[in-house]
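K.L.:
Before we start, here is the structure in question, set down as structure tokens.
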Amino acid sequence: MNFMKKMFKLKLKHSIVQEYSDFENVQKKENLKINLQENLIKVKETFGYSTDLIVREISIGNREKVRIGILYIDGLSDKDSIHSSIMESLMLDINNQKMEDATSSGNDILELLEQSILTIGNIKKIEHFEDLNTSLLSGNTILLIDGYVQGLKASTAGWENRGVQEPTSQTVIRGPKDGFSENLRTNTALIRRKIKSPNLWLETITLGRETQTNISIMYMKGIVNDKTVEDVKQRLELIDIDGILESGYIEELIQDKTYTPFPTIYNTERPDVIAAGLLEGRIAILVDGTPFVLLVPAILIQFIQSAEDYYQRSDFGIIRMVRLLAFFLALLAPSIYIALTTFHQEMIPTALLISVAAQREGVPFPAFIEALIMEITFEILREAGVRMPRAVGQAVSIVGALVIGQAAVEAGIVSAAMVIVVAITAISNFAIPSYNLGIAIRISRFGFIVLAAGFGLFGIILGIFTLILHLCSLHSFDIPYMAPLAPFNVTDQKDTIFRFPIWKMKNRPKLLNHKNMKHQSNISRDRLNKKWNN
């Protein structure tokens, strides 16, 4: 059976690669023309004579005129760089003389421009219209010379972008306050500021037939598992889509299992979290145009951890137990209430049972319908709070919940106990650091509510077993999703439910199969111990 599955996967992969190669063969690259006017007309027609396409023709030299076309997209290129490093350089008398001499002697003007005249930092040659179009849309300036079938692209990208700000999600009390932005180079620079090592390697590819989005992968050479790096590259190379607008596209296209509410790829706005993941042997995937960076492989316990767990003392890590409690409350609280009040009243203390029965007197709906009404109402309020303007969003969600809850109790639609249970559930959901995991819990909670309404505690136990089996079946780039709990690894338990002191965590997690397992040595701690003993 496993052999058949492997054969099917290989066959599917081969068909995808074949389809991708066929598509590449259809798109033949058109070379630049030797005539400048033909090239300029072709570019203008390609862009539909767009008004933000700036085309300027200049003639340089007194005796031997050299006609040059300069093209850039207004708003994507830095005009100051164009004027100071390109236009002024071309207009200098000494450079005009150089170009005249080169024309007279038959030397390559492109080489002269690239090596002696233009003062811009990064200059490359181009030969095809496709490369020209992509370069223009990336903010580069194109120089075309009459009589040459090649051109030059100068790096002048300089559009407006949001600066480095505090992340809107995964906030911390103690720790760095910088967050990723929508600019790819800004994001890579933020990571390199954290890890000043030449072993931090970066590779960039372009995905999206229309959007031509830059995708970068970063990893620590010498620490990361090379097989995982190759796996990430292969999955990215197989992507063939019109556009990549956000890292969520990549996440959905490369994840191991699609039909699961639980996230198997970690995403964050925090550079420190990415830096820590890279040092553990993980791989970061950065997408131009979004502040959310992906981190693979990912495991379930990673979504319950917070960056602040490592900035406070190790005993602060006990707060993870609170998050785990919040995880189970958010998942099971309504279903347990339904099961106890509907099927297992004998398990409720007498005084509490009398109080709950008194509250439910006059309520026309069973506990199952009560829970559905309140859960759906809270979900609508939560969604309204997220989508509304920030200034009023929180007020609407909090005040709306209070007003609707009180009104529902007074009207006799739901009981006060149910309002309390649903409120505790909602608050517990907010205690989960990862928004993606919170969504998975919200989806799964409705399944447990249905099971509790149909089978009581037996249904909940059945749901728990099913959920555990599902979680154990998940993988993230061949790493078990439930690791290091299943399969159980003793040495990796130092940073799961609890966090041991940093000086106790000498090795990197075994589950990632690193080249270099050593995280730190005993030297510094031994010296401190000797000093204290003396």
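K.L.:
Using a simple spin-label model with points 7 Å from Cα along the Cα→Cβ vector, what separation in nm is obtained for Glu383 and Leu353?
P.N.:
3.9 nm
K.L.:
To continue, here is another question. Can you tell me the length gained on complete extension of the stretch Glu130 to Asp80, counting 0.36 nm per residue apart and subtracting the Cα distance?
P.N.:
15.4 nm
K.L.:
Taking neighbour counts of Cβ atoms within 10 Å as a proxy for exposure, in what order, fewest first, do Lys518, Lys510, Lys196 appear?
P.N.:
If I rank by nearby Cβ atoms, fewest first, I get Lys196, Lys518, Lys510.
K.L.:
Then there's this: From the gyration tensor of the Cα coordinates in the chain, what semi-axes in whole Å does the equivalent ellipsoid have, largest first, with each one equal to sqrt(5λ)?
P.N.:
57, 29, 24
K.L.:
Next question, about the same structure. Take the Cβ-Cβ distance between Glu361 and Phe458 as r, set R0 to 25 Å, and report the resulting FRET efficiency rounded to the nearest 0.05.
P.N.:
Efficiency, rounded to the nearest 0.05: 0.35.
K.L.:
Hydropathy first: keep DSSP H helices in the chain averaging at least -0.5 on Kyte-Doolittle, then drop any whose Cα extent along the axis falls short of 20 Å, and list what survives.
P.N.:
319-342, 367-387, 390-410, 416-430, 435-455, 457-473
K.L.:
Here is a follow-up. What are the GluC sites (Glu not before Pro) within the stretch 326-377 that DSSP puts in a loop, where the Cβ has at most 14 other Cβ atoms within 10 Å?
P.N.:
Of the GluC sites (Glu not before Pro), the ones in loops of the stretch 326-377 whose Cβ has at most 14 other Cβ atoms within 10 Å are Glu361.
K.L.:
Continuing with the same structure: State the extension gain, in nm to one decimal, for the chain segment bounded by Lys221 and Tyr435, taking 0.36 nm per residue of separation less the distance between their alpha-carbons.
P.N.:
Extra length available between Lys221 and Tyr435 comes to 74.0 nm.
K.L.:
Could you sort 489-496, 461-468, 417-424 so that the peptide with the highest average Cβ count within 10 Å comes first and the rest follow in order?
P.N.:
417-424, 489-496, 461-468
K.L.:
Find which of Gly277, Leu110, Leu76 sits farthest along the positive direction of the dipole of the chain, computed with +1 on the beta-carbon of Lys and Arg, -1 on that of Asp and Glu, about the Cα centre.
P.N.:
Most positive-ward Cα: Gly277.
K.L.:
Size of the dipole of the chain about the Cα centre, Lys and Arg at +1 and Asp and Glu at -1 on the beta carbon, nothing else charged, in debye to 20?
P.N.:
About 2440 debye.
K.L.:
If you stretched the chain out fully between Ile241 and Lys44, how much longer would it get, using 0.36 nm times the residue separation minus the C-alpha to C-alpha distance?
P.N.:
Extra length from Ile241 to Lys44 when fully extended: 68.3 nm.
Rule-based calculations on the coordinates, nothing more; no lab input. Since this is a predicted model, take the numbers as computed values, not measurements. With ideal geometry, Cβ positions are generated from the backbone for all residues, glycine too; neighbour counts draw on all protein chains shown.
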